[in-house]
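**Student:** Right, I'll just put the structure down here and ask away after.
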Amino acid sequence: MTQMGEVMTAATLQQNVDEAVQRTPVIDIHTHLLPASFGDLCLWGIDELVNYHYLVAELFRSSSATPQQFWALTKSQQADMIWDALFVKNTPLSEATAGVVAVMTRLGLDPAQPNLRQAREYFASVTVEQYIDQVLKLAHVSEIVMTNDPFNPAERAMWEQNKPCPENFHRALRMDPVLNDWDTAHAVMAAAGFKTSADLTPQTITEARRFLDLWIARMRPVYLAVSMPFTFAYPDDSLRTSLIQKVVLPTCLQHNIPFALMIGVSRQVNPALKDAGDSVGFADTASVERLCSENPGVRFLVTLLARENQHALCVAARKFNNLMPFGCWWFLNNPSIIDEITSERLELLGATTIPQHSDARILDQLIYKWQHSRRAISRALYESYSRLIVDGYPLTRKQIDRDVQRMFSGNFRKWVGLPETGAH
């Protein structure tokens, strides 16, 4: 291994990049994970992992089962059907199925078993608390950011009961009902005693902001977040634009909290698949630029779902220093695409972005998503550093470690105002 201050050579570069990427702890800045204290809302184990909606969608391409037949089964029966179709009768070549293989292998389980008996016996032998610690260590994830929805009755009850939450489980206040389903959002606010209505009256604006103030005080989120359809446009004459301008952005400014936008989903193109029925659409990146231009005091975290949007997002980030591109979201979370997007960001933005987040809904997914992402990030960095060395730059291991640390945690800490030394 090259010494910290020693100039790197082409011969030693790959090993040093791989070591830095594999050993540096990461903050997973966007997940849907919840702590053990939240009971059944904390999803983990083989039946949850195999029943993830990515694999549900693949099931119907690889078997004669119909959605109606599948949804009539118990969760364990569904997992058995998926396992037989995708892992026994087919080779697990897709990223989602290969991810299950990677998780099982890291846990010492045999991914070539004809059924899930061995895996179920293993998970029956561990507690969720033990497993959370094990997964974080295997994934080398020091901290995560959850997705926390005060409009979800089951989760809202957990917060109202003051269920404990580990310090390395950061909060993110989810805004989807406010901006995508105002009828539901204002009804929840009204039921909680806030004087809101369907019309965006001055009183409704005040009360909606007061609702957010209460939940910010309760959750202490590191950012506000929303998932937007690919048709999102800003500004327009919609209620959504008015809510962004009069409720969300003033709240961000008041509390000095960034606003995270995840744009590009096309909801329920196949409703029979339920959670697996969503797709992707090409988004308007000019709307992101207008948000950044009109609100220089707000810090924006942005990820776009369509591969075709990535170059324009990078260019926008070159123009606005209040814009932080992050992650390879959802359908982009495949090694070949992560390679491409990470390289593109390095070429246009250097080490000033956040290359990845897991978007994990099942705890176990942290293992494979970060294992696979680290490989892709390492390849992209290697190519960038190789060009530097060929061009005559005296690269050192210290610089590599600095760059990886910035991308894996430092950039996010600075963006959201977390202390330099976090929970590990």
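Every number in this text was worked out from the coordinates using simple rules, so none of it is lab data. In this text the structure is predicted, and so the values were computed from the model without any measurement. Note that we place each Cβ from the backbone using ideal geometry, even for glycine, and neighbour counts take in every protein chain shown.
**Student:** If you average the alpha carbon positions of region 1-65 and of region 113-178, how far apart do those two centres end up, in angstrom?
**Tutor:** 15
**Student:** Right, another one. Between residue 253 and residue 106, what length comes free when the chain is fully extended (0.36 nm per residue of separation minus the Cα-Cα distance, one decimal in nm)?
**Tutor:** 48.6 nm
**Student:** Plugging the Kirkwood radius over Cα pairs into Stokes-Einstein for region 1-100, at a temperature of 25 °C and a viscosity of 0.890 mPa s, what D comes out in µm²/s?
**Tutor:** 144
**Student:** Right, something else. Determine the distance separating the Cα centre of region 279-301 from the Cα centre of region 319-382; give it in Å without decimals.
**Tutor:** About 19 Å separates the Cα centre of region 279-301 from the one of region 319-382.
**Student:** Roughly what % of DSSP beta bridges within the chain run antiparallel, to the nearest 5?
**Tutor:** Within the chain, antiparallel bridges account for around 10 percent of the total.
**Student:** Need one number: the % of Cα-Cα pairs in region 193-238 sitting beyond the 17 Å mark.
**Tutor:** The answer is 54 percent, as a whole percent.
**Student:** Let me ask you something else. Sorting 55, 93, 107 on the 10 Å Cβ count, fewest up front, what's the list?
**Tutor:** Exposure proxy ranking, most exposed first: 93, 107, 55.
**Student:** Per residue, how big is the convex hull around the C-alpha atoms of region 48-124? Give it to me in cubic angstrom, could you?
**Tutor:** Output value, Cα hull per residue: 80 Å³.
**Student:** State the answer as a single residue: which of 25, 368, 399 lies farthest towards the positive end of the charge dipole of the chain, with beta carbon charges of +1 for Lys and Arg and -1 for Asp and Glu, about the Cα centre.
**Tutor:** Working it through, the farthest residue towards the positive pole turns out to be 399.
**Student:** Placing +1 on the Cβ of each Lys and Arg and -1 on the Cβ of each Asp and Glu in the chain, which of 232, 409, 204 has its Cα farthest towards the positive end of the resulting dipole?
**Tutor:** 409
**Student:** Among 130, 268, 405, which one shows the biggest mean-square fluctuation in a GNM of the chain, springs joining Cα atoms closer than 10 Å?
**Tutor:** Between 130, 268, 405, it is 130 that shows the largest mean-square fluctuation.
**Student:** Projected onto the charge dipole of the chain (+1 at Lys/Arg Cβ, -1 at Asp/Glu Cβ, origin at the Cα centre), which of 355, 300, 157 gives the Cα projection farthest towards the positive end?
**Tutor:** Checked the options; the winner is 300.
**Student:** Using the reciprocal of the averaged 1/r over all distinct C-alpha pairs, how large is the Kirkwood radius of region 254-350 in Å?
**Tutor:** Result for region 254-350 stands at 14.3 Å.
**Student:** How would you rank 414, 319, 163, going from fewest to most other Cβ atoms within 10 Å of each one's own Cβ?
**Tutor:** Exposure proxy ranking, most exposed first: 319, 414, 163.
**Student:** With +1 on each Lys and Arg Cβ and -1 on each Asp and Glu Cβ, and nothing else charged, work out how big the dipole of the chain is about its Cα centre, in Debye to the nearest 20.
**Tutor:** Its charge dipole is roughly 600 debye.
**Student:** Any idea what the dipole of region 48-124 comes to, in debye rounded to 20, about its Cα centre with Lys/Arg Cβ at +1 and Asp/Glu Cβ at -1?
**Tutor:** 40
**Student:** Could you tell me the convex hull volume per residue, in Å³, taken over the Cα atoms of the chain?
**Tutor:** Residue-normalised Cα hull volume stands at 151 Å³.
**Student:** So, R0 is 22 Å and r is the distance between the beta-carbons of residue 199 and residue 233; what FRET efficiency does that work out to, to 0.05?
**Tutor:** 0.55
**Student:** A further question on this structure: Just from its helices, what would the mean residue ellipticity at 222 nm be for the chain, if runs of 4 or more DSSP H residues each count -39500 (n - 2.57) and the sum is divided by every residue, rounded to the nearest 500 deg cm²/dmol?
**Tutor:** Only helices count here, giving -14000 deg cm²/dmol.
**Student:** OK, next. Mind jotting down the distance between the C-alpha centroids of region 189-208 and region 230-266, whole Å?
**Tutor:** Using only Cα atoms, the two centres lie 18 Å from each other.
**Student:** Right, something else. Could you compute the FRET efficiency for residue 98 and residue 137, with r as their C-beta to C-beta distance and R0 at 25 Å, rounded to 0.05?
**Tutor:** The computed FRET efficiency comes out at 0.70.
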